[in-house]
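Q: Before we start, here is the structure in question, set down as structure tokens.
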Amino acid sequence: MADATMPSIGDILMLSQVAWRTGRAFTSGKASAPRDFLHVEAELNGIAKALKFLAEALLSDGPEQLIQQTEPYIQNCLATILLACRRTLDDLESLIDQYQVIRKNRTSGGYTVERSWSELVVQQYSTMIWTTEGGNIQDLRDLLHIHMASISLTKNALQR
């Protein structure tokens with residue numbers, strides 16, 4: 001397997017923003033969003049925070065120092081964990097683009113944009129496929145939790 005490229009601190013912070021934005025999209029149109037979507041949002045917010053804390057930990061000793069002190073194998077593991085997280089977030093963004101309805105409402109100052117889940121998703125989310133492995137909404141929550149825990153554990157290990 002080829003070595004994964006270690007992302008920069010800026011890349012990690014951008015990934016944190018993607019996780020946060022994706023979480024917000026899950027509960028847009030809250031009146032129509034299923035309760036399980038609140039749990040997905042919470043997992044995504046956990047990933048966003050874990051990534052932010054990882055970036056802060058990497059910055060605490062100087063941006064390069066902590067990473068350079070770490071063995072290449074560990075650097076590759078961290079890069080692989082972050083790449084897997086990125087892929088999951090990209091997949092979720094694709095689902096959001098496919099299944100959310102965007103409405104523009106005219107206001108006195110221009111337009112507001114309102115996003116909500118399509119009726120199909122609201123009615124059938126429990127039987128939909130939410131992961132590239134064919135998993136349901138609970139499998140998605142489990143996968144997101146694994147990403148968050150992996151990032152947090154890696155951050156703790158790097159700080160020791």
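We did not get these values from a lab; they are worked out from the coordinates using the rules stated. This structure is a prediction, so every number in the text was calculated from the model and none was measured. A quick note on method: Cβ atoms are made from the backbone with ideal geometry, for glycine too, and the neighbour counts reach across all protein chains shown.
Q: Nearest 20 debye, what's the magnitude of the dipole of the range 38-160 about its Cα centre given +1 on Lys and Arg Cβ and -1 on Asp and Glu Cβ? Please report the intermediate quantities before stating the final value.
A: Values: 11 positive and 15 negative charges, 75 e Å.
It works out to roughly 360 debye.
Q: Collect residues whose amide H, placed 1.01 Å from N in the peptide plane, falls under 5 Å from the amide H of Gly135; neighbours closer than 5 in sequence don't count.
A: Excluding prolines and chain starts, which carry no amide H, the hits are Trp130.
Q: Determine, for each peptide in 112-118, 75-81, 16-22, the mean count of other beta carbons within 10 angstrom over its residues, then list the peptides with the highest first.
A: 16-22, 75-81, 112-118
Q: Averaging sequence separations of C-alpha pairs under 8 Å and six or more residues apart, then dividing by the length of the range 9-159, give the relative contact order as a whole percent.
A: On the way: 161 pairs, mean separation 46.7, N = 151.
Contact order relative to length: 31 percent.
Q: Between Arg160 and Asp11, what is the FRET efficiency for a Förster distance of 22 Å, r being their Cβ-Cβ separation, to the nearest 0.05? Mind dumping the intermediate values first?
A: On the way: r = 23 Å, r/R0 = 1.06.
Here the calculated transfer efficiency is 0.40.
Q: If amide hydrogens are placed 1.01 Å from N in the peptide plane, which non-local residues have theirs closer than 5 Å to the one on Val101?
A: Residues meeting the amide H criterion: Ser116, Trp117, Ser118.
Q: How big is the Rg/Rh ratio for the range 9-159, C-alpha atoms only, Rh by Kirkwood, two decimals?
A: 1.05
Q: Ordered by packing density, taken as the mean number of other Cβ atoms within 10 Å over each peptide's residues, highest first, how do 102-108, 127-133 rank? Could you put the intermediate results ahead of the total?
A: Details: 102-108: 8.6, 127-133: 13.4.
Top of the packing list down: 127-133, 102-108.
Q: Would you tally the net charge around Gln138, using a Cβ to Cβ cut-off of less than 14 Å, leaving Gln138 out, and scoring K and R as +1, D and E as -1? Don't skip to the answer; put the middle values down first.
A: On the way: positive: Arg35, Arg141; negative: Asp36, Glu43, Glu133, Asp139, Asp142.
Neighbourhood net charge equals -3.
Q: At a Förster radius of 25 Å, what calculated FRET efficiency corresponds to the Cβ-Cβ distance of Asn105 and Thr27, to the nearest 0.05? Don't skip to the answer; put the middle values down first.
A: Values: r = 19 Å, r/R0 = 0.76.
So, using R0 = 25 Å, E works out to roughly 0.85.
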